[in-house]
Amino acid sequence: MQLTDSFGRTINYVRLSVTDRCDLRCVYCMAEDMTFLPRTEVLSIEELATLGETFVGLGVTKLRITGGEPLIRRGVINLLERLGQLSGLKELCLTTNGTHLPQYAQAIKDAGVDRINISLDSLNPDRFRQLTRFGDINQVLAGIKAAQAAGFTRIKLNCVALKHYNADEVPALVQFALNEGLDISFIEEMPLGRIDEHGRAAEFVSSDELRSAINQQHVLQPFPEKKARSKNAINAGPARYWQAKGYDSRIGFISPHSNNFCSSCNRVRITATGRLLLCLGQENSVDLREALRTSDNPFAEVRTRIINAMHHKPEKHTFDLDDEPQIVRFMNMTGG
Ligand code: SAM
Ligand code: SF4
């Protein structure tokens with residue numbers, strides 16, 4: 001069984017948001033004053049596990065647990081353990097802000113998680129606090145160490161680069177990743193949700209500009225596209241990868257504005273409320289929670305809805321550099 005959309009793309013990767021809540025408030029991701037969902041609207045651990053199992057039964061080989069901050073969701077280790085046992089699943093991944101990794105890294109590894117992405121936008125304590133509104137960089141640095149100590153390899157840092165906040169720090173972040181043997185990806189900010197802290201257009205900095213800045217210090221060589229996109233690739237996805245001469249780390253650029261990657265899209269997302277989102281940048285979606293909660297035969301109904309939904313996966317996102325949000329939902333709801 002394989003999920004295929006009407007543009008011939010195989011969908012084998014699902015990102016599952018386990019909560020909309022977070023212990024940080026990154027300026028590009030959330031408004032300062034957020035109202036979170038009532039708990040009854042969020043999928044239970046049992047429902048999340050059922051969705052994971054159903055997708056793997058439909059040929060999905062990669063699951064990423066995300067949020068909000070997945071590690072503040074009660075029962076998440078139990079969920080990871082269940083998903084980690086699914087035969088047919090090749091990669092179980094987690095995206096986290098890292099603050100709870102000192103506590104959970106080993107349990108996550110033992111549960112069968114293959115790879116971790118950790119968000120890190122600045123190494124400067126004051127700036128980190130400004131970007132996350134109240135985060136403590138030392139918790140994240142300790143989290144990275146804990147993930148390394150637990151035996152995770154190819155840990156990837158994610159950094160959203162904003163012109164007037166942290167773009168000047170990009171070479172330093174790269175050097176940190178190279179020294180620590182980590183991969184790192186830089187993401188162009190996406191217009192999801194209404195934020196008040198900054199204008200998204202004013203903060204735009206293109207991946208090409210960042211790469212030029214890194215090039216001042218390192219000779220960058222493109223990481224072979226074929227290797228990066230092969231089925232077994234560690235980092236297959238929308239990022240374009242480069243390597244600094246003399247280092248093993250990969251330096252990726254996710255460029256929704258400057259380099260559209262939709263033609264190779266292989267993924268869908270599930271929001272914390274069980275809505276199957278067919279594209280990060282469009283509203284097409286299907287309610288799976290209703291099927292889980294009201295159908296006499298939830299497994300069959302969810303399966304049918306997923307298969308039918310593939311016909312509604314849009315060809316591409318239509319983000320532009322307008323300050324008006326093109327999508328009203330925030331990234332924390334989306335399963336970023
Ligand atoms: N809390 C976890 C974390 O920060 O890694 C997981 C969820 S977070 C929504 C997933 C990723 O989305 C993070 O790397 C974050 O930087 C990124 N992100 C959030 N809002 C974004 C936006 N508006 N544009 C681009 N990336 C965004
Ligand atoms: Fe929380 Fe992640 Fe959003 Fe930052 S990017 S506010 S850590 S969900």
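The values are calculated or read from the model by the stated rules, or taken from the named source; none is laboratory data. Computed from a predicted structure; not experimentally measured. All Cβ positions, glycine included, derive from the backbone under ideal geometry; neighbour counts span all protein chains shown.
Ser6 falls short on exactly one of the conditions (1) among the small types (Gly, Ala, Ser); (2) at pLDDT below 95; (3) within 11 Å of ligand 2 (Cβ to nearest atom), and that condition is (3). Tell me yes or no: at least one residue of the stretch 212-223 is out of contact with any Ser or Thr (no Cβ under 8 Å at 6 or more places or on another chain), in a loop (DSSP other than H, G, I, E, B), at pLDDT 95 or above and crowded, with 18+ Cβ neighbours inside 10 Å. Taking every residue of the stretch 212-223 in turn, at least one turns out to be out of contact with any Ser or Thr (no Cβ under 8 Å at 6 or more places or on another chain), in a loop (DSSP other than H, G, I, E, B), at pLDDT 95 or above and crowded, with 18+ Cβ neighbours inside 10 Å. Of Phe152, Phe186, Phe176, all but one fail to be within 16 Å of ligand 2 (Cβ to nearest atom) and of a type outside the set (Gly, Ala, Ser); the exception is Phe186.
Out of the stretch 29-72, which residues are within 11 Å of ligand 1 (Cβ to nearest atom), touching a residue at least 40 places away in the same chain (Cβ under 8 Å) and farther than 21 Å from Arg267 by Cβ?
Kept after step one, since they are within 11 Å of ligand 1 (Cβ to nearest atom), are these residues of the stretch 29-72: 29-30, 64-72.
From the residues that got through so far, the ones that are touching a residue at least 40 places away in the same chain (Cβ under 8 Å) too are 29-30, 64-70, 72.
The answer is Met30, Ile72.
Scanning the stretch 37-94 for residues that are hydroxyl-bearing (Ser, Thr, Tyr) and under 20 Å from Ala147 (Cβ atoms) gives a single hit, Thr66. For the stretch 1-28, the set of residues classified as in a loop (DSSP other than H, G, I, E, B) and within 16 Å of ligand 1 (Cβ to nearest atom) consists of Val18, Thr19, Asp20, Arg21, Cys22, Asp23, Leu24, Arg25, Cys26, Val27, Tyr28, listed by residue number.
Just to be sure before I move on: is Ile77 touching a residue at least 40 places away in the same chain (Cβ under 8 Å) and not acidic (Asp, Glu) in the structure I sent?
Values: touching a residue at least 40 places away in the same chain (Cβ under 8 Å): no; not acidic (Asp, Glu): yes.
Answer is no for this residue.
Here is the figure for the stretch 6-28: residues that are acidic (Asp, Glu) and either buried (at least 20 other Cβ atoms within 10 Å of the Cβ) or free of Cβ contacts under 8 Å to residues at least 40 places away in the same chain (or both) total 1.
Within the stretch 125-134, being under 30 Å from Asn78 (Cα atoms) and surrounded by 18 or more Cβ atoms within 10 Å (Cβ to Cβ) holds for one residue alone: Thr132. For the stretch 263-292, a residue qualifies if it is assigned to a helix (DSSP H, G or I) and over 10 Å from Leu43 (Cα atoms), and the qualifying residues are Ser263, Ser264, Glu290, Ala291.
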